[in-house]
Amino acid sequence: MRFLMSFLLLLSGSLFASDIRLDAEEGKPARSGSPELSAAGAEKAEALADFAAFIQGVISRRDGGKTKLPEAVLDHLYRALEKDPGSNELMALAGADLSDQQGELPARVKRLMEFAKKHPGNISLNVLLASQLVRTGRKADRERVGFVIDLIDATWKAGKGNAPDSPEMQRLLSARMLQALLLASREEFGKADEVIGEVLERVPERRRPEALQSAMSVYLEAQKKASDETPFLIGFLMESDKEKFSRKFEEVSREFIHLLSQPGVNLDPEKFLTSAAIFEREGKTDYALLVLTRPLYANPDQLGALRRLAAFYYSEKQFANAARLWRRIVELGGGRTPMDSYLHALSLLRAGDAPAAVKAFEDHYKRFPNDVKSLNQYVLAAWLAEEYERIPGIVNAIPAPPPDFLYLKGRSEQILKRYGDALETMLKYEGRRKWENEERLSAFRIQLVLLADKAKRLDVAERILLPMLEKDPKNPELLNLLGYLYADAGVKLEKAGELLENALRADPKNPAILDSMAWMLYRRKEFGKAADYIQKALTAGGEPADPVILEHAGDIFSATGEKQKALEFWKRSLEYFSPDVDPARVLEKIRTTTR
C-alpha cells in the first residue's frame with residue numbers, strides 16, 4: 001500500500017491541474033465553470049474529485065504513504081472506470097491499485113474482471129488489467145492465470161483488425177506474448193507456439209527483438225518439458241515435439257542475435273538482458289557475450305553494463321577478464337560500494353594472482369574497514385602469496401573464525417617461529433574442529449606435542465601425552481615421545497629411562513627410540529653408554545642418516561673426547577634439511593671445536 005500511495009501522490013499533481021478544485025472552507029470538491037456533462041463524464045468527475053479531496057487531506061496531514069486509500073474512494077473510481085473505460089486518468093489510478101493486489105482480490109477488482117470479459121473491445125483497459133493481474137499473482141494461481149489467458153484471447157479477437165502500427169495493436173501484441181508465456185507455464189506449448197507465430201507475423205521491426213526474446217523463453221521451456229517421442233506419418237519418421245521446439249529455439253535465437261548485432265539498429269539494450277541469462281544457461285556464451293556488450297557500444301564506461309559483463313566472465317570462470325573489468329569499475333568510481341572492490345580482489349585470487357589479490361584486498365579494507373565478510377578470502381590470498389606476517393592479524397579480525405583459518409594462522413605463526421602463539425592457536429583449532437575419527441585426532445595431538453616442545457611448554461606436552469598413554473600404555477611411539485621430551489628438557493630422567501626401555505621392548509630396532517635412549521644417557525652424563533646407543537641408531541637408520549641423529553652423535557662423541565668424529569657427524573647433519581636442526585647452532589659447535 002505504501003507503493004500505491006506514493007504513486008497516487010505523484011499522480012495527484014496532474015489531477016490538481018485539471019478543472020477540479022477544492023473549496024477550503026467547505027471541504028467539498030467544487031467545479032469552476034464546469035459545463036454540462038454526460039452521465040459517464042459526471043461519474044468520472046465526481047470520482048476524481050473524491051480522490052483529489054482525499055489526497056489534499058493526506059498532504060495537509062503530512063502522513064504520506066502511511067495512510068490507506070479509503071475503500072469508498074477506490075470503489076467510486078472503479079465504477080467510474082466501468083462507465084468511462086477509455087479514461088487515461090482513471091486507468092492510471094486503477095492500475096496503481098491493481099499493482100498492490102497480491103492476495104485475495106477485492107470485490108471491486110472482481111467486478112472489473114467481469115466487466116472486462118463482457119467488453120473485449122476495451123483494449124487499453126483489458127491489457128492493463130491482464131498485465132497487472134499476472135504481475136501481482138502467483139504461478140500457482142491457475143484461476144487468475146486462466147482468466148488472463150481468456151481475456152487476452154477475447155481482446156485479441158476483438159481488436160486484431162487495428163492498424164499494424166497503431167498503439168492498440170502494440171498493446172495487443174505485447175499482451176499476446178504475455179499470453180504465450182502463460183500458456184507455456186501451463187505446458188500448453190502447442191497453443192503458445194500458435195500465439196507466437198501470429199505475433200511474429202504482425203510485430204513491427206522495431207519491436208521484433210522483444211518478441212523474439214519472449215519466444216526464446218517459451219521455446220526453451222518447451223524443449224525441456226515436451227515429449228521426445230518420435231511420431232510416424234505415412235511410414236516416415238517425423239520430428240518429436242522436443243526436437244521441434246529445440247529447432248524453433250535455435251531459429252529465433254539466430255534471428256535475435258542477427259538483429260541485435262546490426263550496428264545501425266536503434267535498440268534499448270537494457271530490455272534484452274533476459275536473453276543473456278537464457279544463452280548463458282544454454283551454453284551459448286558467444287551469444288550471451290554479444291548481448292552483454294551491446295550496451296557498451298554507446299558508452300564504454302557504463303557501470304551497470306560493466307558489472308554485468310564482469311559477473312558473466314566470473315560465472316564462466318574467466319577470472320582474469322573479470323578482474324580487469326572490476327578494476328575498471330573501481331577506477332570509474334564504482335568502488336564506492338564494498339562489493340565492487342571485493343569482487344575485483346576475489347577475481348584476482350581466483351585467477352591465480354595471489355600477490356595482486358593481497359594488494360587488492362589491502363586497498364579494499366583501507367576503504368571499507370568494517371567489511372568483515374570478505375576477510376576469509378583475504379586470508380586465503382595471503383596464504384597463497386606466502387605473506388605469513390599478515391595472516392594472524394587478518395584472522396584475529398574475523399568474528400568467530402572457522403577452524404580452517406585458525407589452522408592457517410597457527411601454521412603461519414610456526415613458519416614465523418612464534419611457537420608460543422602457534423601452540424595457543426592450534427589448541428583452539430583442536431577444540432573447534434569436528435574430527436572425523438580418533439585416529440586423525442591422535443595424529444594431530446602428536447603434532448601439538450612437537451609444537452609444545454618447540455614452545456618450551458613441557459606442561460602442555462604432558463597434558464596431551466599422559467591421557468594418550470593411559471589409553472595405550474604399550475604404544476612405542478608415545479613412550480618414546482614423552483621419554484625424549486623429558487630427556488631433551490633434562491628433567492625426570494629416571495622416568496624417561498623407564499619410558500624408553502618400555503619403548504625398546506616393543507620396538508627394539510627403531511632408530512628414533514635408540515636415538516632417544518642415547519640422548520637420555522647423554523643428559524645423565526653416561527657418555528659411553530650413550531655412544532653405544534647412538535651407534536645402534538645410526539646403523540638401524542640406514543642412509544642417509546637422520547640429521548637429528550647425526551647432530552646428537554656429534555654432541556655425544558664430543559663429550560667422549562672424540563673431536564674429529566664429532567666434527568664429521570656435525571658436518572653430515574648439515575647435508576640434509578631438517579626443521580629440527582638449527583644450522584646456526586651446529587655451525588657454532590663446529591667453530592668452537594676447531595679453534
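The values are calculated or read from the model by the stated rules, or taken from the named source; none is laboratory data. Predicted, not measured: the structure shown is a model, and the values here were computed from it. With ideal geometry, Cβ positions are generated from the backbone for all residues, glycine too; neighbour counts draw on all protein chains shown. Ligands, DNA and RNA are excluded from the accessible area calculation, which covers all protein heavy atoms including side chains. Shrake-Rupley method; radii C 1.70, N 1.55, O 1.52, S 1.80 Å.
Using a probe radius of 1.4 angstrom, the carbon and sulfur fraction of the accessible surface of the chain is 51%. Probe 1.4 Å, all protein chains in place: accessible area of Leu458 in Å², nearest 10? Its accessible surface works out to 50 Å², give or take rounding. Evaluated over the Cα positions of the range 498-559, the convex hull gives a direction-averaged projected area, one quarter of its surface, of 3.7 nm². Rounded to the nearest 20, the Cβ-based charge dipole of the chain about its Cα centre (Lys and Arg +1, Asp and Glu -1) stands at 1120 debye. Structural descriptor for the chain: relative contact order 4 percent, calculated from alpha carbon pairs under 8 angstrom and at least 6 residues apart. Ranked by the mean number of other Cβ atoms within 10 Å per residue, highest first, peptides 405-413, 97-105 order as 405-413, 97-105.
Structural descriptor for the range 409-527: relative contact order 17 percent, calculated from alpha carbon pairs under 8 angstrom and at least 6 residues apart.
What pairs from Lys224/Lys248; Lys191/Lys242; Lys495/Lys525; Lys242/Lys271; Lys157/Lys191 go past 19 Å between their alpha carbons? Beyond 19 Å: Lys242/Lys271.
Within the straight-line cut-off of under 17 Å between alpha carbons, the lysines reachable from Lys529 are Lys509, Lys565, sequence neighbours fewer than 8 places apart in one chain being disregarded. Shown is the FRET efficiency for Glu424 and Leu469, computed with R0 = 30 Å from the Cβ-Cβ distance and rounded to the nearest 0.05: 0.80. Note on the range 249-274 and the range 449-464: Cα centroid distance 69 Å, given to the nearest whole angstrom. Taking the Cα centre of the range 112-155 as origin and assigning +1 to Lys and Arg Cβ atoms and -1 to Asp and Glu Cβ atoms, the resulting dipole is close to 160 debye. Of all lysines in the structure, the ones whose alpha carbon falls short of 22 Å from that of Lys44, not counting any fewer than 8 places away in one chain, are Lys28, Lys68, Lys83, Lys110, Lys117, Lys118. When Lys and Arg each count +1 and Asp and Glu each count -1, what net charge do the other residues less than 10 Å away from Val203, Cβ to Cβ, add up to? Cβ neighbours under 10 Å give a net charge of +1.
Taking every alpha-carbon pair under 8 Å whose residues sit at least 6 apart, the range 363-409 reaches a relative contact order of 36 percent. Label separation (Glu229 vs Ser578): 7.7 nm, computed from points 7 Å beyond Cα along the C-beta direction. The listed residues His364, His119, His258 rank as His258, His119, His364 when sorted by accessible area, largest first, using a 1.4 Å probe.
Each peptide in 310-322, 576-588 was scored by the mean count of other Cβ atoms within 10 Å over its residues; highest first, the order is 310-322, 576-588. Computing FRET efficiency as 1/(1 + (r/R0)^6) for Thr337 and Ala489, where r is the C-beta to C-beta distance and R0 is 45 Å, gives about 0.20.
Assuming a ≥ b ≥ c are the square roots of the Cα gyration tensor eigenvalues, decide whether the range 357-481 counts as rounded (a/c under 1.5), prolate (otherwise, with a/b larger than b/c) or oblate. Because a/c hits 1.5 or more and a/b exceeds b/c, the range 357-481 counts as prolate. When each of the peptides 196-202, 78-84, 435-441 is scored by how many other beta carbons lie within 10 Å of its residues on average, the order from highest to lowest is 78-84, 196-202, 435-441. When the charge dipole of the range 279-368 is built from unit charges on Cβ atoms (+1 for Lys and Arg, -1 for Asp and Glu) and taken about the Cα centre, the candidate among Tyr342, Phe312, Gly283 whose Cα reaches farthest toward its positive end is Tyr342.
Averaged over its residues, the chain has an accessible area of 52 Å² per residue, based on protein heavy atoms and a 1.4 Å probe. Solvent-accessible surface of protein heavy atoms, probed at 1.4 angstrom with all chains present, puts Lys44, Lys118 in the order Lys118, Lys44, largest first. The alpha carbons of the range 153-272 give a radius of gyration and a Dmax of 15.7, 49 Å, in that order.
Here are labelled values, [x] 40; [y] 29; [z] 62, and one is the computed percent of Cα pairs over 38 Å apart for what I pasted. Which one? Evaluating percent of Cα pairs over 38 Å apart on these atoms matches [z].
Against the chain, whose longest principal axis is taken from its Cα atoms, helix 71-83 shows a tilt of about 50°.
At a Cα cut-off below 20 Å, give the lysines reachable from Lys409, other chains included and same-chain residues fewer than 8 away excluded. Straight-line reach from Lys409, under 20 Å: Lys359, Lys373, Lys417, Lys428, Lys434, Lys454, Lys456. Each of Arg186 and Glu71 was given a label point 7 Å from its Cα along the Cα-to-Cβ line. The distance between the two points is 3.1 nm. Segment Lys359..Glu562, full-extension length gain: 67.5 nm, with 0.36 nm per residue of separation and the alpha-carbon distance subtracted. Evaluated with a Cβ-only charge set (Lys, Arg +1; Asp, Glu -1), the range 256-367 carries a dipole of roughly 180 debye about its Cα centre, given to the nearest 20. Inter-label distance, Val372 to Glu588: 4.3 nm, where each label sits 7 Å from its Cα along the C-beta direction.
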